[in-house]
Amino acid sequence: MDIIGIGYFGFESSKLDEWRSYGPEVMGFQTAKSPEADAESLYFKIDDRRHRFAFHPGKTDRLLYIGWEAKGKLEFQAAVARFREHKVEVTVGDAALCEQRGVKELIRFRDPVGYQHELFYSQKFTPRSFMPGRSHGGFSVPHRGMGHIVVITPEYPPELEIFLTQIMGFHWYGSGAGKGRTGFYRAKLNTRTSHDIAYGHGAGRAGVQHVGLFVNSLRDVGETYDIVKQRQLPVMMTMGQHTQDPHVSFYHFNPSGFAFETIVELEPWHEEGFELNPEKLSVWGHELVGPILGASVRTPEEVMDPEWLASRG
């Protein structure tokens with residue numbers, strides 16, 4: 001499938017008031033206009049697209065959907081045909097949902113461990129419309145999607161890897177330096193990073209571990225780091241450089257309990273052409289000063305869709 005990367009995220013949140021200030025003041029997001037049909041939700045821009053983040057009001061802080069961007073209409077149609085060929089249950093988004101997401105067309109589907117995904121093409125945008133909520137150099141989005149996500153799954157069945165690599169056509173990057181079962185995957189058209197999505201196995205646990213966002217300069221990383229420290233926000237890992245990525249980043253926890261990894265491409269991305277097997281997580285820094293799993297990772301019954309859980313018996 002000709003997928004560029006992640007186009008948008010949707011979360012349920014019980015802390016919208018905290019996000020209204022945190023998004024612009026800490027992360028530098030721009031508060032976007034909410035669609036008329038979804039006026040109670042909070043939307044954020046990080047570039048010229050209509051939005052990249054949507055936070056929908058609810059009782060639980062959890063991931064609702066991941067929106068993947070197909071290259072265009074023909075690639076989208078080919079992907080839909082591929083899902084159906086492999087007997088993946090898809091739901092076609094109606095006009096109202098497409099308008100809410102700001103896209104031409106979309107479908108919805110679940111992966112084998114229950115996370116909700118959407119595939120779309122042609123999201124609305126306005127040139128030179130992004131105005132960060134604070135002084136900020138901007139986010140690096142055009143060629144790699146908007147970032148990456150790491151989710152935890154209580155089960156890691158063979159069907160998951162088959163679904164991601166053989167149906168969605170993702171590249172398997174490796175397991176990284178973490179302990180236990182972890183898999184890093186990136187979309188076909190993204191050749192600038194190690195992963196768009198990673199799944200980590202955690203017995204009896206599910207939810208978002210972190211979301212990674214690329215910024216345009218080391219200064220953007222450092223200034224965000226200073227704001228996080230000044231506000232005494234909880235940090236997961238200090239600034240450092242991963243072994244498998246030539247980037248500098250740090251991790252801190254947001255109001256919904258998962259971490260944001262703020263990243264700058266310190267050196268040009270490398271493509272070795274073989275699976276990496278790093279002996280340690282980072283070459284320097286990244287001291288673990290907080291929990292590796294935040295409050296966003298809980299039991300499946302707390303964060304997964306009840307209907308999907310019921311369908312599994």
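The values are calculated or read from the model by the stated rules, or taken from the named source; none is laboratory data. Model, not experiment: these values are computed from the prediction. Virtual Cβ from ideal backbone geometry, glycine too; neighbours counted across all protein chains shown.
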Discussion item. Looking only at the range 208-220, how many residues end up being touching a Phe, Trp or Tyr at 6+ places or on another chain (Cβ under 8 Å) and assigned to a loop (DSSP other than H, G, I, E, B)?
Written reply: 1
Practice prompt. Could you tell me whether D17 is more than 30 Å from F163 (Cα to Cα), modelled with pLDDT of 95 or more, out of contact with any Phe, Trp or Tyr (no Cβ under 9 Å at 6 or more places or on another chain) and among the acidic types (D, E)?
Written response: yes
Worksheet item: Which residue out of H201, H242 is buried (at least 19 other Cβ atoms within 10 Å of the Cβ) and of a type outside the set (S, T, N, Q)?
Response: H242
Item to complete: Consider F170 carefully, then state whether it is in contact with a helix residue (DSSP H, G or I) (Cβ under 7 Å, 6 or more places away or on another chain), over 30 Å from V90 (Cβ atoms) and either among the aromatic types (F, W, Y) or touching a residue at least 60 places away in the same chain (Cβ under 8 Å) (or both).
Response: no
Worksheet item: If A187 passes every condition in (1) of a type in the set (A, V, I, L, M); (2) surrounded by fewer than 18 Cβ atoms within 10 Å (Cβ to Cβ); (3) in contact with a Gly (Cβ under 9 Å, 6 or more places away or on another chain) but one, which one does it miss?
Response: (2)
Item to complete: Filter the range 221-263 for residues that are closer than 15 Å to H148 by Cβ, at pLDDT below 95 and part of a strand (DSSP E or B) and give the result.
Response: H242
Worksheet item: Does the range 142-155 contain at least one residue that is of a type in the set (A, V, I, L, M), out of contact with any strand residue (DSSP E or B) (no Cβ under 6 Å at 6 or more places or on another chain), closer than 23 Å to R192 by Cβ and not in a strand (DSSP E or B)?
Response: no
Worksheet item: Are there any pairs, at least 6 apart or on different chains, whose C-beta atoms fall under 6 Å, with the first in the range 296-313 and closer than 18 Å to D61 by Cα and among the polar types (S, T, N, Q) and the second at pLDDT 90 or above and not in a loop (DSSP other than H, G, I, E, B), and if so, which?
Response: S296/G207; S296/V208
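Of the residues that make up the range 268-279, is at least one touching a residue at least 24 places away in the same chain (Cβ under 8 Å) and crowded, with 17+ Cβ neighbours inside 10 Å?
no
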